[in-house]
Amino acid sequence: MSAVSAKPVDRQLPSEEARELLGLTRELVQNEVAPHAAADEAGDRFPREVFRTLGRAGLLSLPYGEQYGGGDQPYEVYLQVLEELAAGWLAVGLGVSVHTLSCHALAVFGTDEQRDRWLPGMLSGEQLGAYCLSEPQSGSDAASLRTRAVLDGDEYVVSGTKAWITHGGHADFYSSMVRTGEDGARGISCLLVPGGAAGLSAAPPEHKMGMRSSPTAQLHFDGVRVARERLVGEEGQGFQIALAALDSGRLGIAACAIGVAQAALDLAVDYAGTRQQFGRPIADFQGLSFMLADMATQIEAGRALYLAAARLKDAGLAFSKQAAMAKLFCTDAAMRVTTDAVQVLGGYGYTQDYPAERYMREAKVLQIVEGTNQVQRLVIGRHLTGR
């Protein structure tokens, strides 16, 4: 059984253009995204053509400027598009979030010449990006990364291994954090690496609990030569670039989490309204209706939290703490809601006849990616104490 086609979420959008964009997104999800999710997840197939379809509709470039081919949409709108995509298929929603994250370094820290040269292609809808920060021995402690870039004339020679790279082996470009100097955060720089660079290769994708259509792989740099002009920002600025991108990316993960949770709630409500026991729908039983009420409340609270953070970002205000809070709350909520959805469906929830079990498996990874929820608590605590 495919996901339930539920009534649209009641959204407060800032413009008629935004309402039309959300309508287009929902139409694409119903016709081009959700119908392929179950089969492609079961077959470990990467839906590259789906991303091309979304790209041609302008959904791979929404928060970036029109002068570079972007949609020039506020984050408040972009994140709600992500939520709709993730409700249809998390591999696609998260993939769009990762692509947007991968464009952030050049869009924000690149020179005018660099943006004019490369950003239109990255935002064209035909290219797909990846973000390379983590390494096999460097996850939460990102400042300890070891992949090294040594300047040789007008090129950097890059050697090392990146890990947990979404779209690894499939991306057209990689925003890569590499070590160009001393140990620690100050020795890290950012390079925009072409996907077809000689010496760049991907390991076989990881075998994951969920999100099997989204390839996650190690990326090997074996003397990869990258033109010096592809250095984004200054040497030693890479860690700052990485953290700035992650603040925005965490909002993307929060929106995706609420999308998955909303899909699980819609399924649970539909099932509870039609499943009969003791001569009446199970939704009539107070214990179960209370579960549905709690699920819905968590979703509404999470949506409000990520949108509040997005509006801070759109206003040019600090939002790092709020992004960490949104990522923490929304992904924890998604795990609870999807687990409860399985419970509402009972034995059927534990089978692949319904997507509830897939939602639960997918929700788990969202508590881990782009900073574990334990790291989010550290970030929030440091903001509170000024440390």
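The values are calculated or read from the model by the stated rules, or taken from the named source; none is laboratory data. Just so you know, these numbers come straight off a predicted model, no measurement behind them. So basically every Cβ, Gly included, is an ideal-geometry build from the backbone, and we count neighbours across all protein chains shown. What goes into the accessible areas is simple: the full protein's heavy atoms, side chains included, and nothing from ligands, DNA or RNA. Shrake-Rupley method; radii C 1.70, N 1.55, O 1.52, S 1.80 Å.
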If you go through 164, 118, the only one that is on the phi > 0 side of the Ramachandran plot and surrounded by 16 or more Cβ atoms within 10 Å (Cβ to Cβ) is 164
Is it the case that residue 301 is modelled with pLDDT of 95 or more, within 30 Å of residue 131 (Cα to Cα) and among the small types (Gly, Ala, Ser)? yes
Kindly establish whether residue 328 is among the hydrophobic types (A, V, I, L, M, F, W, C), open to solvent by less than 50 Å² (accessible area, probe 1.4 Å) and farther than 30 Å from residue 74 by Cα. no
For segment 273-315, what are the residues that are surrounded by fewer than 14 Cβ atoms within 10 Å (Cβ to Cβ), β-branched (Val, Ile, Thr) and under 29 Å from residue 325 (Cβ atoms)? 297
Among the listed residues 9, 92, 29, 81, identify the single one that is farther than 21 Å from residue 249 by Cβ and crowded, with 24+ Cβ neighbours inside 10 Å. 29
Could you please tell me which pairs satisfy a Cβ distance under 6 Å, a separation of 6+ or placement on different chains, a first residue in segment 67-88 that is within 26 Å of residue 7 (Cβ to Cβ), and a second residue that is of a type in the set (Asp, Glu)? 74/314; 75/314; 76/314
Pull out all pairs, ordered by first then second residue, where Cβ-Cβ is under 7 Å, the residues are six or more apart or on different chains, the first lies in segment 363-378 and is farther than 8 Å from residue 328 by Cα, and the second is open to solvent by 80 Å² or more (accessible area, probe 1.4 Å). 364/209; 372/140; 375/140
Of 210, 181, the only residue that is assigned to a loop (DSSP other than H, G, I, E, B) and more than 22 Å from the chain's Cα centre (by Cα) is 181
Does residue 296 satisfy being closer than 22 Å to residue 339 by Cβ and either out of contact with any helix residue (DSSP H, G or I) (no Cβ under 9 Å at 6 or more places or on another chain) or in contact (Cβ under 8 Å) with a residue 24 or more places away in the chain (or both)? yes
Expected single match for touching a residue at least 24 places away in the same chain (Cβ under 8 Å), under 24 Å from residue 215 (Cα atoms) and not in a helix (DSSP H, G or I) among 44, 40 is 44
Restricting attention to segment 358-371, does a residue exist that is over 22 Å from residue 83 (Cβ atoms) and of a type in the set (Lys, Arg)? no
List every residue pair whose Cβ atoms lie under 7 Å apart, where the two residues are 6 or more positions apart in sequence or sit on different chains, the first residue falls within segment 228-247 and is farther than 12 Å from residue 106 by Cα and hydrophobic (A, V, I, L, M, F, W, C), and the second residue, located anywhere, is part of a helix (DSSP H, G or I) and at pLDDT below 95. 239/143; 239/185
